[in-house]
Structure formats: C-alpha cells, structure tokens
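Student: One structure coming up, written as structure tokens, with questions to follow.
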Amino acid sequence: MAHIIVVGNEKGGAGKSTVSMHVASALARLGHKVAVLDLDLRQRSLGRYVENRAAFMKEHGADLPQLRLHPLPEIDPATLNPGENVYDHRLSAAIAGLEGDNDFILIDCPGSHTRLSQVAHSLADTLITPLNDSFIDFDLLARTDPTGEKILGPSVYSEMVWNARQLRAQAGLKPIDWVVIRNRIGTQRMVNKEKMERAVNLLSKRIGFRVAPGFSERVIFRELFPRGLTLLDLKDVGVRQLNISNIAARQELRDMMKALNLPGVEVKF
C-alpha cells in the first residue's frame with residue numbers, strides 16, 4: 001500500500017507547492033514511484049509546476065525524474081446515495097486507483113478549507129504543514145496572547161487535524177505523523193524569529209506534531225517554477241557551478257527529507 005503524504009495549510013503563501021514539488025521529485029530521484037494529486041482545483045499551482053517540468057523536459061531533451069500528475073476521476077452524481085458527497089468519492093476513487101502501483105501518493109491541498117482538503121487530511125499517513133515564520137501564520141495553528149509568549153488554545157487548522165486524527169482512530173488506522181515545517185525563515189537572528197521558535201516548540205508538545213526545518217527565503221525558488229525544476233535538477237540541466245545560496249538550499253532540502261523520516265527512504269543526495 002502506498003504511503004500517503006498530505007501537504008496542507010489553510011493559509012496561502014506558505015510554500016506548500018514548493019515543498020510538495022521538492023519532496024515528490026526527491027522521492028522519485030531516490031528511485032521511488034510517486035503519484036501526485038493537486039486538490040487546488042482552481043489555482044493548480046503544483047499541477048502547473050509539474051506541467052512546466054514536462055514541457056521543459058520535452059523542449060530541452062532533459063532526462064529528469066518524472067512526476068505523474070493524476071486528475072481526480074469524474075463521478076456521476078446519479079450513482080451517489082442520499083447524503084453522499086461527490087468529492088469524497090472522487091478522492092477515494094483516485095487513491096484506490098493509485099495506491100497499489102506507487103510507493104508514495106503526495107497530495108497538495110489548497111490554501112483554504114474545502115471538503116476535499118478535509119477528507120485528504122484524514123487519509124494522511126504523513127501530514128506536512130509548511131509554516132511561514134510569522135505570528136500571522138502561527139495564528140492558524142493556535143491563538144496566543146498579545147506578547148506571543150503564551151498559547152491560549154488551538155485554532156481552526158489544528159482543530160481540523162484533530163478531527164482527522166479522530167476519524168483515523170475510529171477506522172483503526174495508524175496515527176498521523178504530523179510534521180510542521182518552519183518555512184521561509186530569514187537568515188538574520190531577530191527577536192520575532194526567536195519568539196516563533198519558542199511558540200512552535202511549545203505548541204508541538206501541546207497538540208502533538210514534530211518540528212522540521214524548511215527552506216529559507218531564496219530567489220532561486222521563484223526562478224525554478226517556470227521551468228518545473230527543483231534544486232536537485234540544477235546540475236542535470238547544465239548548472240555546473242552552484243553558488244553558495246544554492247548549495248545551502250540543497251542542504252536545507254536534505255535536512256528536511258531526513259527529518260520527515262519517510263518509510264523506506266534513505267536520503268542520498
């Protein structure tokens with residue numbers, strides 16, 4: 001059975017699609033079969049990222065690890081029983097058709113609360129939540145006092161994850177391995193950065209997630225998207241001399257993949 005990775009955060013701009021693309025392509029480069037689903041049916045950021053990759057490979061004859069993007073199958077509403085949701089069936093049908101032929105299924109969720117996203121979270125073996133280094137983004141996980149030092153209680157996204165965990169427990173499935181990735185962290189040491197670190201670590205103990213390193217804010221990620229490339233592809237497309245920023249970004253990816261601790265994955269890049 002495929003291991004299902006869900007990348008979710010109900011706030012846009014957290015770097016979900018960048019993280020999704022790098023995790024999926026890293027797994028493919030390591031020899032694993034990976035299927036990709038983009039549940040943001042409107043913006044399709046990850047879908048366009050994968051399509052850009054296919055177009056680049058075709059145009060330049062590049063030999064890169066390929067990612068297989070799968071659409072959600074259509075379901076005839078007439079076949080549903082009263083009270084059943086068509087999106088539940090579309091996602092279930094997609095998973096059923098992919099889980100026997102793949103090592104991993106990576107699902108990228110939209111930056112908003114949708115029925116599809118809610119169902120996907122209940123299917124997650126590993127849940128990755130990229131989090132910008134900002135208390136505006138942190139508010140999605142928990143409410144804090146005005147100083148940012150005291151956690152008052154879980155917020156909307158944490159409650160959705162809790163509900164997903166309950167559904168999995170009722171179905172007799174393994175608990176979700178929830179990993180919050182601190183993303184787009186500035187390189188300078190600032191008071192807000194230190195407060196965020198304390199708050200995230202405190203909340204992790206309170207509501208049960210692991211904290212993993214993510215990507216720093218770097219120009220390279222904006223340059224990779226139009227070509228569908230990742231950090232691991234640069235040498236394969238003719239970039240022989242990586243600059244210091246690119247080397248540091250590759251190390252961040254390596255650290256992130258190791259921290260995810262996905263089953264059967266030995267990080268060797």
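Student: Give me Rg/Rg_expected for the chain, where Rg uses Cα atoms only and Rg_expected = 2.2 N^0.38 Å with N residues. Each step should come with its number before you reach the end.
Tutor: On the way: Rg = 18.7 Å, N = 269, 2.2 N^0.38 = 18.4 Å.
Taking N as the residue count of the chain, the ratio is 1.01.
Student: What value, in deg cm²/dmol to 500, does the helix sum -39500 (n - 2.57) over DSSP H runs of n ≥ 4 give at 222 nm once divided by the residues of the chain?
Tutor: On the way: 9 runs with 110 residues, N = 269.
So the helix-based figure for the chain works out to -13000 deg cm²/dmol.
Student: With +1 assigned to the C-beta of every Lys and Arg and -1 to the C-beta of every Asp and Glu, and no other charges, what is the dipole magnitude of the chain about the Cα centre in debye, to the nearest 20? Don't skip to the answer; put the middle values down first.
Tutor: Numbers: 35 positive and 31 negative charges, 159 e Å.
For this selection, approximately 760 debye.
Student: Related question: For the stretch 214-269, with only Lys/Arg (+1) and Asp/Glu (-1) charged at the beta-carbon, what is the dipole magnitude about the Cα centre, in debye rounded to 20?
Tutor: Details: 9 positive and 7 negative charges, 25 e Å.
Here the size comes out at about 120 debye.
Student: Have a look at Ala164, Val265, Phe138 and report the one farthest towards the positive end of the charge dipole of the stretch 118-269, computed about the Cα centre with Cβ charges (Lys/Arg +1, Asp/Glu -1).
Tutor: The residue sitting most towards the positive pole is Val265.
Student: Near the amide H of Trp178, under 5 Å away, which other amide H atoms are found, from residues 5 or more places off or on another chain, if H is placed in the peptide plane?
Tutor: Amide H to amide H, under 5 Å and 5 or more residues apart or across chains, Trp178 pairs with Leu127, Arg210.
Student: Considering all alpha-carbon pairs of the stretch 88-207, what whole percent are spaced by more than 23 angstrom?
Tutor: Looking at the stretch 88-207, the distances longer than 23 Å represent 37 percent of pairs.
Student: With only Lys, Arg, Asp and Glu charged, each at its Cβ (+1 for the first two, -1 for the last two), find how big the charge dipole of the stretch 87-171 is about the Cα centre; round to the nearest 20 debye.
Tutor: Values: 6 positive and 12 negative charges, 70 e Å.
Charge dipole, the stretch 87-171, about its Cα centre: 340 debye, nearest 20.
Student: Separate question: Any idea what the alpha-carbon Rg over 2.2 N^0.38 Å comes to for the stretch 1-130?
Tutor: Working: Rg = 14.8 Å, N = 130, 2.2 N^0.38 = 14.0 Å.
Rg over 2.2 N^0.38 Å, computed on Cα atoms: 1.06.
Student: Something else about it: Hey, in the GNM for the chain with a 10 angstrom Cα cutoff, which one of Asp88, Asp133, Asp145 fluctuates hardest?
Tutor: Between Asp88, Asp133, Asp145, it is Asp145 that shows the largest mean-square fluctuation.
Only the coordinates and a few stated rules stand behind these numbers; no lab work does. Every value quoted in this text rests on a predicted model; they were computed, and no experiment measured them. We place every Cβ from the backbone using ideal geometry, glycine too, and count neighbours over all the protein chains shown.
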